Structures are given as C-alpha cells and as structure tokens.
1. Could you tell me how many of the residues in region 100-158 are of a type in the set (Asp, Glu), part of a loop (DSSP other than H, G, I, E, B) and within 20 Å of Asn168 (Cα to Cα)?
2. Out of region 183-198, which residues are more than 15 Å from Ile140 (Cα to Cα), surrounded by 13 or more Cβ atoms within 10 Å (Cβ to Cβ) and modelled with pLDDT of 95 or more?
3. Looking at region 153-177, which of its residues are surrounded by 19 or more Cβ atoms within 10 Å (Cβ to Cβ), without any contact (Cβ under 8 Å) to a residue 60 or more places away in the chain and among the acidic types (Asp, Glu)?
4. Which of the following residues is more than 18 Å from Gln40 (Cα to Cα), in contact with a helix residue (DSSP H, G or I) (Cβ under 9 Å, 6 or more places away or on another chain), surrounded by fewer than 22 Cβ atoms within 10 Å (Cβ to Cβ) and touching a residue at least 24 places away in the same chain (Cβ under 8 Å): Glu121, Glu85, Glu114?
5. Is there a residue being surrounded by 15 or more Cβ atoms within 10 Å (Cβ to Cβ) and under 19 Å from Gly83 (Cα atoms) anywhere in region 141-150?
6. Kindly evaluate Thr132 against the criterion of being surrounded by fewer than 20 Cβ atoms within 10 Å (Cβ to Cβ), touching a residue at least 12 places away in the same chain (Cβ under 8 Å) and over 25 Å from Leu36 (Cβ atoms).
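The values are calculated or read from the model by the stated rules, or taken from the named source; none is laboratory data. Worth saying up front: this structure is predicted, and the values here are computed from it rather than measured. Note: ideal-geometry Cβ built from the backbone for every residue, glycine included; neighbour counts use all protein chains shown.
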Amino acid sequence: MIRSAFAVLATLAAGALAVFPQQPGKTTDAFRKAFLEKFQRTGLNTTPGDAAMLRILIESRSARRGVEIGAASGFGAINMGMGFERTGGHLYSLEIVPERVRETRGNLEKVGLEKTVTVMEGDALALLPTLTGEFDFVFIDALKSDYMKYLKALEPRLKRGAVVVADNVIVSAKAMPDFLEYVQMNPAYDTVIIRASSEKGDGMSISYKLR
C-alpha cells in the first residue's frame, strides 16, 4: 500500500518524539518549579516558604504593579514574577550591586519572566522617585535602617488596598524601630508580623493600606 508523504512524515515525527521526548518549556510551571528547587540560594535570598507567601499575596490581591527593593540573585523576583504574570501585572525589582543585577536578569530570562519583571540597577532611594504611576504591592528587603525611607518614598503612590511586605523584621527589629512603629501604630495600615518559614528564625511584616 502506498502511503502519502504526509503520513510518512507524521510517522517519522512521532518516532522522533518517542526517542527525544518534548521537554517542558521555560514558561511552564513544571520547569519553573524544578528551576527553583535547584536554585543556589544564599543568605540574601528569601526562603522558599517566604517566597511562596509573596506569590500567593500577589495572586490573592490580584496585584498589578509591584516594587521589590533588594533583588539579591532573583529567587524572590522569580516567585513574585510568576504571581504578576498570572495577574497580568508587572514587577520592578531594584538592586544596587551590579553583579547581582546581572545574575537576577539572567535567572529571570532562564524562566521566561524577563518581560514581567524589570530589574533596575542603582540605589533604591534614587530609583524610587523615577518610577511613575501607582503601586499595589511592595516587598522591602534591602538596607534595614532605610526601610522607613523606602516606604515614605513610595507611600504617596500606594493605592488604597496596597500590600507592603517587609523582610527580616524580627532579627533586625533594632535596625528599623521607626518603620515598625509607623506601620503598627499608623491608623492608615493594618499590620501583622508573621513567620512563613522557620529556616532563618525570622519573619515578615505584612501591612494593608486602608486609606
């Protein structure tokens, strides 16, 4: 029986796929999960539990515009980027150390999130005034003594209902007394301090902007 050229090609293609099975693309959840599991984290990175919490906060809030202050090598940015990709939003990740900027950008490209997360190089206090528009999600994880300065730089552009998360507020509490007093005592915010992970024996503050 004579087979059509199309049938022959289809058979060959099927055989090739059997020998060389398709690998999940870099934008699939499976690929990203495997990438994150093998990620070479340092003490500067958020823990997996904390990073997952950030992603869930973004998705549950349906956040559309976020700022990360302190990227390290991008473990948190990848997790948050996945959340913003799902909400159709965008994250601006600020990092002062050039080597970390390059590493973060490279890691984001490896998982296909370079269009969802913009990595900006420089001092956050200089970069924050250059950002335009309103924001509904903020993650602060940079110089602890400057947490209050970071918040005040962004506060005029925080939407009602914005969520502000600050890392290391238990271990480094003495370095940020002004920030902690402000978010806990200010009637414009509802704030809670939680531990989403026991890995570092530390915690995060989560503040909801009421008005």
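1. 2
2. Gln184, Asn186, Ala188, Tyr189, Asp190
3. Of everything in region 153-177, nothing turns out to be surrounded by 19 or more Cβ atoms within 10 Å (Cβ to Cβ), without any contact (Cβ under 8 Å) to a residue 60 or more places away in the chain and among the acidic types (Asp, Glu).
4. Working: Glu85 fails: in contact with a helix residue (DSSP H, G or I) (Cβ under 9 Å, 6 or more places away or on another chain); Glu114 fails: touching a residue at least 24 places away in the same chain (Cβ under 8 Å).
Step by step, each of Glu121, Glu85, Glu114 is checked, and only Glu121 is more than 18 Å from Gln40 (Cα to Cα), in contact with a helix residue (DSSP H, G or I) (Cβ under 9 Å, 6 or more places away or on another chain), surrounded by fewer than 22 Cβ atoms within 10 Å (Cβ to Cβ) and touching a residue at least 24 places away in the same chain (Cβ under 8 Å).
5. Taking every residue of region 141-150 in turn, at least one turns out to be surrounded by 15 or more Cβ atoms within 10 Å (Cβ to Cβ) and under 19 Å from Gly83 (Cα atoms).
6. Working: surrounded by fewer than 20 Cβ atoms within 10 Å (Cβ to Cβ): yes; touching a residue at least 12 places away in the same chain (Cβ under 8 Å): no; over 25 Å from Leu36 (Cβ atoms): yes.
Spelling it out, it is not the case that Thr132 is surrounded by fewer than 20 Cβ atoms within 10 Å (Cβ to Cβ), touching a residue at least 12 places away in the same chain (Cβ under 8 Å) and over 25 Å from Leu36 (Cβ atoms).
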